[in-house]
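Student: Please see the structure below; I have some questions.
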Amino acid sequence: MKLRYFYILIIVLAPVLIIAQTKPAPPMNLPKDAPVNVTIADAKTGNMLGSEIVVFKSRANGTEFQGLSDSTGKFSLRLPNGSKYDIYILGFNDSTSYNVLDIPALKDNQFYKNPFNVDIQFEAPKSFVLDHCTFETGKASLQADAYKVLDELVDYLNRKDDEKIEIGGHTDNVGKAEANMILSTDRANTVRAYLLTKGIAPGRVTAKGYGMTMPVAENTTAEGRALNRRTEVKIID
């Protein structure tokens, strides 16, 4: 009698056992982002570049991911799959477009075992203008809106802690050449003094006035004169 009940139980439970055995396995908990290894080197010398910020901007949704290269010019990060990424090298208040990285979408139970390798050859600019570094007319006193760009320069120098720079003051051709040379020198020294108050080592920053001797535009128009009145930063090798 007991044996009969046993067989009946097997007949009842058999469909349940078959269903349980044929049910698809749950998806594996696999990473859906991709490992990316980045190296960045000077295009001319081949030297590896440390303290460079590289930005990956997704074309799918505009999200930005970034990394900072170490002393060997390398860093790693992970990026979501299923997007193309525009690659930018971040400079001072600007960026240089480099290339595009395509990370195809993954299906269930797929993952990226091997990393994507991004090798960047980059020639960093040797000079740039401090936009909105403005002074009182005819004076070496900074206007209030100048401090924002100067603080950004401080951040840049803290990141690039091995760089030395020259602060160059430039004027238009209004007034006497001698007076403009003195004014441009005083303005360059004002910027240098501000950087030093923010902890930048004195030996890393020099100041020089060029007066009206190095125009970048014609002085015949107001727009041209405005371009010539500038504070320029030069990277010293």
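Student: To make sure I understand, if each residue's beta carbon is the centre and we count other beta carbons within 10 Å, what order do H132, H170 fall in, fewest to most? Mind dumping the intermediate values first?
Tutor: Working: H132 14, H170 23.
Least crowded to most crowded, the residues run H132, H170.
Student: In debye, nearest 20: dipole of the stretch 92-172 around its Cα centre with unit charges on the Cβ of K, R (+) and D, E (-)? If you can, show how the numbers build up before the last one.
Tutor: Details: 8 positive and 16 negative charges, 53 e Å.
Here the stretch 92-172 has a charge dipole of around 260 debye.
Student: Assign unit charges at the C-beta atoms only (+1 for Lys and Arg, -1 for Asp and Glu), then state the dipole size of the chain relative to its Cα centre in Debye, rounded to the nearest 20. Write out the running numbers ahead of the final one.
Tutor: Values: 28 positive and 28 negative charges, 259 e Å.
The dipole magnitude comes to about 1240 debye.
Student: For the charge dipole of the stretch 167-227, defined by +1 on Lys and Arg C-beta atoms and -1 on Asp and Glu C-beta atoms about the Cα centroid, which residue among A188, T221, G211 has the Cα displaced farthest towards the positive pole?
Tutor: A188
Student: With the calculation restricted to Cα positions, what are the radius of gyration and Dmax of the stretch 76-164 in angstrom?
Tutor: 20.1, 69
Student: Could the peptides 142-152, 77-87, 225-235 be put in order, highest first, of the mean number of other beta-carbon atoms found within 10 Å of their residues?
Tutor: On the way: 142-152: 14.1, 77-87: 17.2, 225-235: 18.7.
So the order, starting with the most tightly packed, is 225-235, 77-87, 142-152.
Student: I've got another one for you. Looking at the chain only, what percent of DSSP beta bridges run antiparallel? Nearest 5 please.
Tutor: So the antiparallel bridges in the chain amount to around 75 percent.
Student: On a 0 to 90° scale, report how tilted helix 2-22 is relative to the longest principal axis of the chain, with both axes built from alpha carbons and the result rounded to the nearest 10.
Tutor: Its long axis makes an angle of about 30 degrees.
Student: Select one label from (i) 7, 23, 21, 17, 12, 7, 5, 4, 3, 2, 1, 0, 0; (ii) 8, 29, 24, 17, 13, 7, 2, 0; (iii) 8, 31, 33, 17, 6, 2, 1, 0: the one whose number is P(r) over Cα pairs in 10 Å bins from 0, in percent as derived from the coordinates shown.
Tutor: Calculated P(r) over Cα pairs in 10 Å bins from 0, in percent: the matching label is (i).
Student: Treating the angle as unsigned and between 0 and 90°, give the value, to the nearest 10°, between the Cα long axis of helix 146-159 and the longest Cα principal axis of the chain.
Tutor: 60
Just so you know, all these numbers are worked out from the coordinates, no wet-lab data involved. Computed from a predicted structure; not experimentally measured. Neighbour counts run over all protein chains shown; Cβ positions are idealised from the backbone, glycine included.
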